[in-house]
1. State log₁₀ I(q)/I(0) for chain C at q = 0.07 Å⁻¹ as given by the Debye formula over alpha-carbon point scatterers of equal weight, solvent excluded.
2. Could you give the size of the charge dipole of the protein assembly as shown about its Cα centre, using +1 on the Cβ of each K and R and -1 on the Cβ of each D and E, expressed in debye and rounded to the nearest 20?
3. Can you give the calculated 222 nm mean residue ellipticity of chain C, where each DSSP H run of n ≥ 4 adds -39,500 (n - 2.57) and the sum is split over every residue, rounded to the nearest 500 deg cm²/dmol?
4. Is there a simple number for the mean count of other chain Cβ atoms within 10 Å of the Cβ of residues in A:118-126, and what is it?
5. Can you give the alpha-carbon Rg of the stretch A:179-234 over 2.2 N^0.38 Å, where N counts its residues?
6. Could you state the number of Å between the C-alpha centres of the stretch B:219-276 and the stretch A:21-98?
7. With a 10 Å cut-off between alpha carbons and a GNM built on chain D, which of D:72, D:102, D:17 moves the most?
8. Dividing the Cα radius of gyration by the Kirkwood radius, what Rg/Rh value follows for chain D?
Amino acid sequence: MSQNLTFTEKLKNFFISNAVPILFVVITLLAVPVSGFSATYLIQEMITRIGRNSFLVLSLLLPILAGMGLNFGMVLGAMAGQIGLIFITDWSIVGIPGLVLAMLISTPISILLGILCGSVLNRAKGREMATSYILGFFINGVYQLVVLYFMGGIIPVKSPSLVLSRGYGIRNTIALDGVRQVFDNMIPLKIGEISIPLGTFFIIALLCLFILWFRKTKLGQDMRAIAQDMKVAQSAGIPVDRTRIISIVISTVLAGYGQIIFLQNMGTLSTYNSHDQTGVFSIAAILIGGATVSRATIPNVFIGVILFHMMFVVSPMAGKNLIGQAMLGEYFRQFISYGIIAIALVLHAWRRQKDKEMERRSLRGVKAEKQPQAEK
Amino acid sequence: MNRLRQFINKAGWPRVIIGFFLLSLFVAAPFAKVSLAVSLKDTLVRFGMNGVLVLSMVPMVQSGCGLNFGLPLGVISGLLGAVTTMEMGITGVMGFITAIILSCAIAAVLGWGYGKMLNRVKGEEMVISTYVGLSSVMFMCMMWLVLPFKSPAMVWGYGGSGLRTTITLEGYWFNIIDNFLAIKIGDFTFPTGLFIFFAVMAFLVWAFFHTKTGTAMTAVGSNPDFARASGVDVNKMRTISVIISTVLGAVGILVYQQSYGFIQLYTSPLFMAFPAVAAILLGGASVHKATITNVIVGTILFQGILTMTPSVINNFLKTDLSEVIRIIVSNGMIVYALTRKTTKVKS
Amino acid sequence: MVSEQVVLKMENITKDYYGNRVLENVSFELKKGEILGLVGENGAGKSTLMNILFGMSVISETGGYQGKVIIDGKEVNFKNAFDALDAGIGMVHQEFSLIPGFTTIENIMLNRESLKYNFLVEVFGSRLKTLDRVDMKDRAEKAISALGVKIDPNMLVAEMPVGHKQFTEIARELDRKNMKILVLDEPTAVLTESEADILIQSLKRLSDMGIAIIFISHRLKEIIDVCDKILVLRDGKTVMQSPAKDTSIRQIAQWMVGRNIEEKKDEVKNEKKLGDTVLKVENLWVDMPGETVRDVSFEVREGEIFGIGGLAGQGKLGIPNGIMGLYEAGGRIEVFGKKLEMNAPEKALKAGMAFVAEDRRGVGLLLEEPIDWNISFTVMQTQNKYLKSFIGGLVKWRDDKKISELAKEYIKILDIKCVDEKQPVQELSGGNQQKICLAKAFAVNPKILFVSEPTRGIDIGAKKLVLDTLKQYNQKYGTTIIMTSSELEELRSICDNIAIVDEGKVAGILPATAATEDFGLLMAGKVDESKEKVSAQ
Amino acid sequence: MKRTVFILILIALLVLLGVWMFVLGRQRTVVMRNEDIDRHGITYEAAQIVGISFDGAAETEITYDDAAVFYLVGSSHKLKLRVADEDGNTLRVVEKTIKLDLSKNITVDIPELLENKEEVIKLTGKMW
């Protein structure tokens, strides 16, 4: 931060702050040749995965902007999105109208869950990430109670393809044929044999514009202030708690839409665990992109998605070819995603402590020159 | 009347609510054609199985490191110890003892490294310990496949490389402690060995907190600045508490397995952390203060619910709600505890 | 130039805090463009007066105030700081309220950014307006130029020198529309000489622009240079109000500190035989937030009661905390002739020193633990006392019986009012808690005892008992006591010599019997004139 | 106050959008049955072979006592029925405009439909 860093220090700083993405680029470069995938296959895979995941990962930007760290509670939004999809499949609303209706249904649910999550996080200031992580599990319990026991019975869901044979509760895998890849094929484009889902990219571009515009609004500015120093923001008259709740609500609603886009690309909904997966993978992706708990930009999102999913695709094959155990690759993939989050969090916490000490030293300012010449 | 209110304030609302809920389950058991004796035995056995795991939470909470979501690290050391002992083919009581010794050694080393790391990230211990736990479990999954284990009882049938997901303890130290001095009354067997073992471990932890280091550790937990001003090395205390928690975690999993009958490898350690954290919070512990009574009360209540809900509720509502209730109760407890206003843990 | 129009008038303001009188009919007038210097010791009532002006909630919560506050001829009663801000009164606090990661412009405009309208606002609320950065830039530059200083508007505050941060805060207040009165609380405390001069120049420019200024500072030289009129407060009463040109620094110091001369000297200080040097401190620096110590050297003789005085925030509290290793410190300390390893509380305790911290609840006590724990903890940890050891010392077991005996003993000696020695400390009164901190220190039976603000926040009766106990321990056991306090009278009544600390340095060391205004001068940052170092006999 | 009015308007608009999406995207499952059927006294004979094509899509041929399922989105559709004997030569071709309501499962008896003189035929069925 301070100007008088020598070149080597600047280099060192660069490596420390981007340790995670660099480490990742190295791993992927090693794994790609070993996995034996063709270039076109990988490029096609990356493009589809960018279309599928970036909306979800982008939804993580707002809570970081407001200083609430990684929103492990995005799982709440994912659940709301899935409930929306369950209803439109039951009513068999297909095509783009079906997806739009699913999003409309998920919005009020997300807003409610967002407000709940926001107010809980306000009561656990300083421990936001741990609390949102466990709140995700808690709401998951409620979600299972609603989807596995109420739907079909109390909540009218009729289509036999959805409801379990016992008459209530939703099956754990649902085919979303009516809406499969509807956004992706909205504006089909094929270059060589690589098809690019322009429709989804258009929606993602819209969200990026919204985020860029949002940062320029007063609300965005308030959030940035709160992230830096809650006390100063409060004394300047900014409603801190309300602003934090708004940032969580927006993030949850966006996560809901992101999950709908993710599932329309996948084509099938695994009712009881796809939302957990998206939570972990999105957070791992944004961290790999170089984001930290207190600072994240749109490039972090896209770099992160590409790097994470490249590793995700490549590692099982690499594991298989290297040690002949496909399962190894599977575990390797999980190990990398959790390991990355752990390393990124540790690095960040460690750097924050170091910055605090640095700040203290700069505060000493006047004293520093006063250091007695020779310590006897 | 106010004596009742006093009791409620002292015990705290969550314990009272869940206590009544559990009581109602026990009362309703006979109507649901569930034999009281069997469910009581189940609760007690499960108490013995999980008691030490919940006990392992106490040192870290007392020293201010917060709830130990990194329990899987302790569990891994336990698994490693057990599997290596089985590889060496030592069976029976000797096998169990060697497993404990090996696991404690591994746990001490892992705990030391884990403690050093936690000291660098004061204030964010919980999130980081969760992900350290997760990534180390995944790392071990790879190791189970790669490590050169040969004993037929453990290795996959065909290829012969990599360990099975669940390995039976038959012929090794299955129910070593459970059957020790077990008392049979009708169809109700009382697992005395389990209780003695738990009592010994609880006594050791209670005793530790009476020693000089134990007292210092409690002080570090409730007010780190006070401890530092009195010449206590805060970081050393925190590291010791992490080592003890990890070692207790390792012993805890060994106790759990010998009663359960199988060693569960691969991702099973992940599901150990939350029940233990929820149980100690249910027992009334806060994020920086936990006592042995919290452990005992919490484990009985929590395991009681786990055993009673499937049998009683299923008969009534004809649906298996127990899994959902477990998730809601355990995670609800943790969120409740995390939102309590506690003194800001200053580094 | 000062116009005749009276901008602010406060008429016989009186205020009580829980029974003791803090302000007693203080009145003053402030004309447009006039600079008023407000001077007084800690606790003289300056901040309470300003809290009343700003309508801070702490005033209404503690029973409101008597008297009138009149602005532009109309009586006002502000319910909160935002009303005061709207009425055109701005305040710059001592510790900055700035957002480190924001630029100068963003900080000046904090929560008052100029915004551009868009249709979404109709539905989603006005906070969706976008920032008009162009307009913000020139508003900020207008405010900065009013101060007559050069600050780079796009620089991050975190990377700014301290002086620029101060100007950014002031610029923020200036940006308010109908800015009439500006209050500055110890603005020059963190500034270097040159930065302070620039600030004074810019204050003069503001007064020419017709803004009335209340300038609170303990640096009397600056007060004389800048202010048109000076108001001196002592113990809540107006001691003197006069134009700056008719008085001198010595005069103000006398008003500020001097009690009426005939204050009784009850018992004559018996000539104590002081032993040789017990503690030698050279070029001590301590990085304690808010109490930074820059370069302090002093010596303390055995059996002496050595006082450390000075205004709040000047670093006096940093000295004991630094020596005991609670905050990072450097320099050279010799205890009984041996060099003390610094930044290690355990080494300081082992060298025979003990410390009763000023922050009782934060550092001094384990609030949730019982009394006997609190008292015995330090001695148990450092000297392994009250421990039964088994298996050849491998296991050191806490001897609860001995611990409660120790606690009972001190409860009797210090007459601590409590149910029993097992009662958690948080249930006790301030005075009793302070006694427990003392007991904890005495239990270590230290040769050198540091005591910080021993009588802060406790009732009169307990104050006397605490001071008497300290004196008694000094006479009976010859414990050397080093007492830090912001109450000069208390120090003069008990200490042999008193060092006054100003801006992290020792302004001077005087015997307790020295004249009050000499102390006043030392406190007022007049280091050069009365530098004569009075060494104890 | 002005803002709450706007918010209510926005919510109303969103609800309307939802309804519109529902109508626009509703997929009806239409079962075309080709069996003998008697309806209040009159029996209709099922043809040997019937070629069914909605909105000009490729024809689906079903035989006697057979049925075919079609998934139609939208409320009005062009239906072309080609009736043929068992060796496939066309006896007659009937074109109708079908109007579907919002019901999800609709069953159609082809013989009865053939005899219906109406140019535009409204069909209904079960909502779930």
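Coordinate-derived values only; no laboratory data. From a predicted model like this one, the values you see are computed outputs, not experimental measurements. Heads up, the Cβs are rebuilt from the backbone with ideal geometry, glycines too, and the neighbour counts pull from every protein chain shown.
1. -0.48
2. Magnitude of the dipole: close to 1760 debye.
3. It lands at -9500 deg cm²/dmol.
4. Average neighbour count from other chains, rounded to a whole number: 3.
5. Working it through for the stretch A:179-234, the quotient is 1.82.
6. Their Cα centres are 35 Å away from one another.
7. The residue with the greatest mean-square fluctuation here is D:17.
8. Rounded to two decimals, Rg over Rh is 1.18.
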